[in-house]
Amino acid sequence: MYDDHIPQLDVELVELPSADKLGIELKSTHKPRILLLYGSTRERSFSRLLVEEAARLLQCMGAETRIFNPSGLPLPDDVADDHPQVQQLRELMLWSEGQVWCSPERHGSMSAVFKAQIDWVPLAMGAVRPTQGKTLAVMQVCGGSQSFNVVNQLRVLGRWM
């Protein structure tokens with residue numbers, strides 16, 4: 001349920017980073033793996049659109065991206081954790097080396113749709129914490145307000161996990 005059919009950017013507009021330009025030695029044998037999560041199931045979801053744009057930029061810079069679609073994800077503890085979407089989310093968490101989280105602001109907080117995704121991620125899967133040591137970027141979508149409530153909450157939640 002992730003979208004890997006995102007149109008590519010015109011790379012002439014962006015100078016692509018490279019190991020040579022950055023002066024680093026390549027150690028990985030694959031592109032950086034970035035999972036993008038968004039917090040709305042509306043048909044015209046601005047958090048989804050922002051995540052899709054972030055995915056385009058990340059792909060342009062050489063990353064492999066996957067976007068998890070939260071539509072139909074059950075509430076935490078409402079079904080067994082062998083539910084197909086729960087399993088898919090957990091597999092993507094383990095697959096990723098970095099993540100981008102984006103949620104709309106709802107009543108001064110992150111959306112329940114976004115929080116449900118995070119609540120399905122256990123703090124440990126075997127001996128592995130699926131979010132530990134991964135790079136995290138956070139974004140929020142606000143309709144008219146100018147608060148940073150969601151960004152601050154996502155930052156705290158990401159640091160805690």
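General observations
- Accessible area in the full protein assembly, largest first, 1.4 Å probe, for Trp120, Trp95: Trp95, Trp120
- Amide hydrogen proximity for Val138: with H placed 1.01 Å from N in the peptide plane, the residues at 5 or more positions away or on another chain lying under 5 Å are Trp101.
- Residues whose amide H falls under 5 Å from that of Asn69, counting only those 5 or more places apart or on a different chain, are Tyr2, with hydrogens built in the peptide plane.
- Bridgeable lysines around Lys31 (alpha carbons under 26 Å apart, same-chain partners fewer than 8 residues away excluded): Lys21, Lys134.
- With every protein chain in place, the chain: carbon and sulfur % of accessible area (1.4 Å): 53 percent
- Charging the Cβ of each Asp and Glu at -1 and of each Lys and Arg at +1, and nothing else, the dipole of region 8-161 about its Cα centre rounds to 300 debye.
- Accessible area per residue in Å² at 1.4 Å probe, computed on region 67-161: 53 Å²
- The chain: relative contact order in percent, alpha carbon pairs under 8 Å with at least 6 residues between: 25 percent
- Phi-based couplings in Hz for region 151-158 (Karplus 6.51, -1.76, 1.60; Gly and Pro marked x): 4, 5, 5, 5, 4, 5, 4, x
- Cα gyration tensor shape for region 8-107, rounded if a/c is under 1.5, else prolate or oblate: oblate
- Across the options Gln85, Gly98, Leu73, the greatest Cα extent toward the positive end of the charge dipole of region 51-114 (unit charges at beta carbon of Lys, Arg, Asp, Glu) belongs to Gly98.
- Taken along the Cα-to-beta-carbon direction at a fixed 7 Å, the label points for Lys31 and Ala63 span 1.2 nm.
The values are calculated or read from the model by the stated rules, or taken from the named source; none is laboratory data. A quick note: this is a predicted structure, and the numbers were derived from the prediction, not measured. Because the Cβ atoms are built from the backbone with ideal geometry, glycine has one as well, and the counts that use them run over all protein chains shown. Side chains included, ligands, DNA and RNA excluded: accessible areas come from the protein's heavy atoms. Shrake-Rupley method; radii C 1.70, N 1.55, O 1.52, S 1.80 Å.
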